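Peer 1: I'd like to ask some things about the structure below.
FYI, it's all coordinate maths here, none of it is from the lab. These numbers come from a predicted model, not from an experiment. Here the Cβ is made from the backbone with ideal geometry for all residues, glycine too, and neighbour counts use every protein chain on show.
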Amino acid sequence: MSSARVCATGRTPTGTLIAFLSIAALAVMPVVGYLIWSGYQAAIRSAENTTRNYALILEARLEATLRRADADLWDLARAIPIAALSQRALPRYARELNADLDFRLFNFKEIAGLRVADRHGDTLYTSASASAPYVNVSDRGYFRWLRDNPQAGLVFSEVLTGRSTGRQILAIARALMDERGNFLGIVYALLELEHFQMQFQSLAIGPQGAVSLRRSDDRRLVLRWPHLAGEVNRPLSPQNPIAKQMAAGATAATLQFTAESDGVERIFSYRTLEGYPFFINVSLGRDDVLAQWRARALAAGALNLSLLGLLAWLLFRLWLTVVRETLVVAGLKQSEQALRDSAEKLRMFADNVPAMTTSWDENLRCRFANKAFAEFNGIAVESILGKHLREVIGEEGYPGIEGHVARVLRGHPVTYQRTRKLPNGEPRYIEVKLLPHIGDQAKVLGFFAVTTDITEHKLAEERIRRVAHHDSLTGVPNRMLFKDRLDQAISFAKRDSRQFALLYLDLDKFKPVNDSLGHTAGDELLQSAAARIRHQVRESDTVARVGGDEFTVILPDITRREEAETVAKKIVAALAAPFQLGSQKQSVGIGASIGIALYPADARDADALVRAADAAMYSAKQVGSSYRFCEA
């Protein structure tokens, strides 16, 4: 009698089970779908960040090379005597000028050679590293252009095949002129493209990724990895999305499209170099980026289909139970046990979803929580169910999310990030997605929360930012961060009508140490030198490494010339003291030459100020282990 009453009236066990199954299915199925979609978005965002960071790093390296080559050519164009620009002058000037060209290529492996040619294109002087016969370059386009336009400034050639090496090179040239502006010849550097190709190859871009260097004025290809036959010196189509972005004035962008060169769909990030007609383009194959996501999505889809099949089977069993409940009480009990087992399987499925998932009613009381959420918070699932959100989050953390909860209860999805301390006190970064649970007549019945631990992603982003802005060997800012700090110093000085000083420093006798004791000792010497320089300046000053053995120091709070001189003296003295290198602590002495330029007395923009300090440094180098102010 009692069994029949339970079946006929309350259906209490069955109704409770149906309610639980409905809530669990509503909680799990949207979560699975959302995880698939958010995983796709995360994979694309990660690829975009990777291409942007790679492009940023390559831009900084290429700009550093071009800026140093530009400074050398600019200085040579001023320093070479007019009397030396003829065949008759070779016996007198060859030894001195060839040695000067060799000296400028010290620790500058990106440049294959420095050369000087007369007005007829005949090579007069060349660095030994060029290892080339004295060729005539009058047929080269860059020579003809400077011959006809000597005031053109710095000129870059198309990609050429070196006549001595047979390798692909890029010529960088300036005209030599007399006081009236008449053309007397050129001084030019040969950029070794193979060096940059090795840098491209070192990037983790996957099987379908690509890295390229193109001109920004006519979009012609300079270098690409992997190499594509016949593409060098060919321009992009005007219909190419990157070409359209650049035509509209965008100096950097991240895009997705199918490459016209090989038909591969990629995620691209490009950056144009400031002051030079080139841009870097880094891309990842879309199939490579989404390969791991597709595998996970297929697995999640299979699980979701299994869940639907399980739910259909459960409903069928329920129907059989209702039909048979008045006939066989034992059959009813057996079916209810099967439903309980199935419900447990559904709970196990929810617990195996990697994201932390919870469900809350309109009164902010917990209806469902999976194992991942409970473990992250260091509590048992049973202790969460039925509790108010404020109790679970804690009194300190709740006010920070109260506005988000109010918004999702109005029917709007919400995504936010916050820090959360684990029970052991360890801080973690989490991302929380709130999805409204919409019932009949658009009534909000509560919401689902999907929480993801993004701590490792945040730390990885910080490491990438650190690598992009700091020198990996010495830990000081690199050329890119130095440029930002210099622009900032100029902006503040201009706003407050004050001056500051820029020091350009080159280590003396570094090459003999590097050659005799090896690169390990050379790296140790650079690290120790950077530490000594930092020790001589204030916390507010910026010390940066801008070349092989070249450093800069920005002194933003200099009010008098004598203050900059005092800092330069301290640095020269610190670097003159012997260094103890290697396991044997071998004593080595080097020294340093420093050029000093003052803003705004010596220059009013960043590039001119760097050139002024660099020129003053070369003057100091003639004396050795000293400093010189710019003599504008």
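Peer 1: Calculated from the structure, Cα extents along the principal axes in Å equals which of (i) 114, 69, 55; (ii) 126, 55, 52; (iii) 86, 62, 43?
Peer 2: Given (i) 114, 69, 55; (ii) 126, 55, 52; (iii) 86, 62, 43, the structure-derived one carries the label (ii).
Peer 1: Right, here's the next one. Once you charge only the Cβ atoms, +1 for Lys and Arg and -1 for Asp and Glu, what is the size of the charge dipole of the chain about its Cα centre, to the nearest 20 debye?
Peer 2: The calculation lands at about 920 debye.
Peer 1: Using Cβ counts within 10 Å as a stand-in for footprinting exposure, how do Met177, Met246 rank, fewest first?
Peer 2: Neighbour counts put them in this order, fewest first: Met177, Met246.
Peer 1: Per DSSP H run of at least 4 residues, take -39500 (n - 2.57); add these up for the chain, divide by its residues and hand me the 222 nm value, nearest 500 deg cm²/dmol.
Peer 2: For the chain, the value works out to -15500 deg cm²/dmol.
Peer 1: Once both axes come from the Cα atoms, what is the angle between helix 519-535 and the longest principal axis of the chain, in degrees from 0 to 90, rounded to 10?
Peer 2: Here the helix axis deviates by roughly 90 degrees.
Peer 1: Between Tyr40 and Asp139, how high is the FRET efficiency from 1/(1 + (r/R0)^6) when r is the Cβ-Cβ distance and R₀ = 56 Å? Nearest 0.05.
Peer 2: Here the calculated transfer efficiency is 0.55.
Peer 1: Go ahead and run the numbers for FRET between Glu96 and Val467, Cβ-Cβ distance against an R0 of 56 Å, rounding to 0.05.
Peer 2: That pair, Glu96 with Val467, gives E of 0.85.
Peer 1: Quick one: helix 479-496 against the long Cα principal axis of the chain, what's the angle to the nearest 10°, folded into 0 to 90?
Peer 2: Around 80 degrees separate the two axes.
Peer 1: Also: Between Asn107 and Glu158, 0.36 nm times their residue separation minus their Cα-Cα distance comes to what?
Peer 2: 15.8 nm
Peer 1: With everything on Cα atoms, drop me the angle between helix 398-408 and the longest principal axis of the chain, reported from 0 to 90° to the nearest 10.
Peer 2: 70 degrees
Peer 1: Taking the simple approach of a point 7 Å from Cα along Cα-to-Cβ for both His535 and Asp217, what is their distance in nm?
Peer 2: 4.8 nm
Peer 1: On to the next question. Which residues in segment 481-495 place their backbone N less than 13 Å from a point set 7 Å from the Cα of Glu563 along the Cα-to-Cβ direction?
Peer 2: Counting only backbone N, you get 493.
Peer 1: Return the FRET efficiency for the residue pair Glu179, Ala243: r is the Cβ-Cβ distance, R0 is 51 Å, and the value is rounded to the nearest 0.05.
Peer 2: 0.75
Peer 1: State the extension gain, in nm to one decimal, for the chain segment bounded by Asp440 and Gln584, taking 0.36 nm per residue of separation less the distance between their alpha-carbons.
Peer 2: 43.8 nm
Peer 1: Another one. Given labels modelled 7 Å from the Cα in the Cβ direction, how far is it in nm from Tyr416 to Ser86?
Peer 2: Between Tyr416 and Ser86, the simple spin-label model gives 8.1 nm.
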